[in-house]
Amino acid sequence: MADSGNMLQDPPSLNERAIKAGFKHWSDFLNNAIGLVSFSLALGCLGTHRPATNACLSFLFVMSIRIAGKDIYPAPMCRLQQAAKKHPELKKDVYAQQSKHMSTTRMFNANLPFLFGYVFLMFVMFSHIFYLEVPVMRPILGWYLGID
């Protein structure tokens, strides 16, 4: 049996099941907490006199939820990333796991409610800029946001 000092310096072993479960939990957090709240706040902002301003405040609130949920990111992946700083040979494992669980296609498919809610909140947040800078969108945005 190795002493505890030596165990702290050994790189962690890859636990595929734990990493997969961790990313599933992370995806659920993004969808259920961030996506749902973002979408709800964006809809709520549309009913106010200043939707873009209220969307900015809502965005700050959503970011506070994201910061509060930072511990939900998969712990095995965090340990692997930390170990890769000390053991450069593990960088390829980190990249392989990120490519496997966080590819663009996988993130899009697994996190559609998160993406839709977040993008909708961003759209409301920047709606007045779109209204002023993109003349083609003025009639639609004016009607949708109640500006005209």
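Suppose the filter is surrounded by 16 or more Cβ atoms within 10 Å (Cβ to Cβ), at pLDDT below 90 and farther than 15 Å from F114 by Cα; does L8 pass it? In short, no. Here T48 meets each of (1) modelled with pLDDT of 80 or more; (2) in a helix (DSSP H, G or I) with one exception, condition (2).
Against the conditions (1) within 23 Å of the chain's Cα centre (by Cα); (2) loosely packed, with under 14 Cβ neighbours inside 10 Å; (3) of a type in the set (D, E); (4) at pLDDT below 80, D71 satisfies every one except (4). Considering only segment 123-145, how many residues are touching a residue at least 40 places away in the same chain (Cβ under 8 Å) and either surrounded by 17 or more Cβ atoms within 10 Å (Cβ to Cβ) or under 13 Å from the mean Cα position of the chain (by Cα) (or both)? Residues meeting the conditions: 5.
Summed over segment 74-106, residues that are closer than 20 Å to R17 by Cβ, of a type outside the set (G, A, S) and within 15 Å of the chain's Cα centre (by Cα) total 5.
The values are calculated or read from the model by the stated rules, or taken from the named source; none is laboratory data. The model shown is predicted, which means the values in this text are computed figures rather than measured ones. Backbone-built Cβ (ideal geometry, glycine too); neighbour counts: all protein chains shown.
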